[in-house]
Amino acid sequence: MIVWGAFALAICLVFYLSYSFKNMMLKRKGIRTFMIGFGSKPMKTRIIEILMMTSSVSLGFSQFLSPVIGMYYGKNWFSVNFIVVGLGVMLGVTGCCIFIVALIHMKDSWRVGMEDNQKTKLVTSGIFSITRNPAFCGFDLIYLSNLLLVPSKSTIVLTFATIFMIHMQILREEDFLRSAFGKEYQEYTKKVPRYLM
């Protein structure tokens, strides 16, 4: 349990540090990256963004606390076998890699949330030619990895709530991208799946 708890913490650290580093680099260029709940957007979009952020932050705390509590008390929430642990490790590493590659390919178009008055370039190359939402796919894989490596009751609930809210956010972002990029985005959606399939 201690080894898997430490591995889960390492995955979380890589994920959150790369996320923070990208935001910091764009802020240095004068680009506002965090737009969750701000700006002139429909109330439904604001609510979805705020709920997604609330569940993500809550899950983040749970991701860090579950391994620490589990390692400290030697608690094994479920009977973990090597297949489950192996899958958790594989999902975590894959999720981190996908997320970091997405950050690199988005260049200056990276945003957390959406805002009508911030025009960005539609990114369709690199990993975005495989999935339209690689960063969110990376999120989901990392969240599932943590759940498999050090499951807790709170992490189970928060993982699935966050994955659901991310899906809702993706649907709102697709509406935004359709209005911002029109036919170019429509053609892109015909060629590239929303997730990995």
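A short reminder: the numbers here are calculations on the coordinates, not readings from a lab. On a predicted model such as this, the values are computed, not experimentally measured, just so you know. Virtual Cβ from ideal backbone geometry, glycine too; neighbours counted across all protein chains shown.
When the dipole is taken about the Cα centre of segment 2-191, and only Lys, Arg (+1) and Asp, Glu (-1) are charged at their Cβ, what size is it in debye, to the nearest 20?
Values: 20 positive and 10 negative charges, 86 e Å.
Using only the charged Cβ atoms, the result is roughly 420 debye.
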Over what distance in Å are the Cα centres of segment 148-197 and segment 10-59 separated? 14 Å
Take the chain, connect every pair of alpha-carbon atoms lying under 10 Å apart with a spring to form a Gaussian network, then pick out the residue of Thr120, Thr33, Thr162 with the largest mean-square fluctuation. Thr120
Going residue by residue through segment 89-102, the Karplus relation 6.51 cos²θ - 1.76 cosθ + 1.60 with θ = phi - 60° gives ³J(HN,Hα) values, rounded to whole Hz and with x marking Gly or Pro, of 5, 4, 5, x, 5, 4, x, 4, 4, 4, 4, 5, 4, 4
When the charge dipole of the chain is computed with +1 on Lys and Arg Cβ and -1 on Asp and Glu Cβ about the Cα centre, the Cα farthest towards its positive end, among Ala161, Ile36, Pro193, belongs to Ile36
Those residues of segment 156-170 whose amide nitrogen sits under 16 Å from the label point placed on Arg194, 7 Å along Cα→Cβ: 162-170
By count of other Cβ within 10 Å, fewest leading, how are Asp140, Asp175 ordered? Asp175, Asp140
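Please state the charge dipole magnitude for segment 115-191, taken about the Cα centre, from unit charges on C-beta atoms (+1 on K and R, -1 on D and E), reported in debye and rounded to the nearest 20.
Working: 9 positive and 8 negative charges, 31 e Å.
The calculation lands at about 140 debye.
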Candidates (1) 16.2, 49; (2) 16.8, 53; (3) 17.4, 56; which is the computed Rg and Dmax of the Cα atoms in Å? (3)
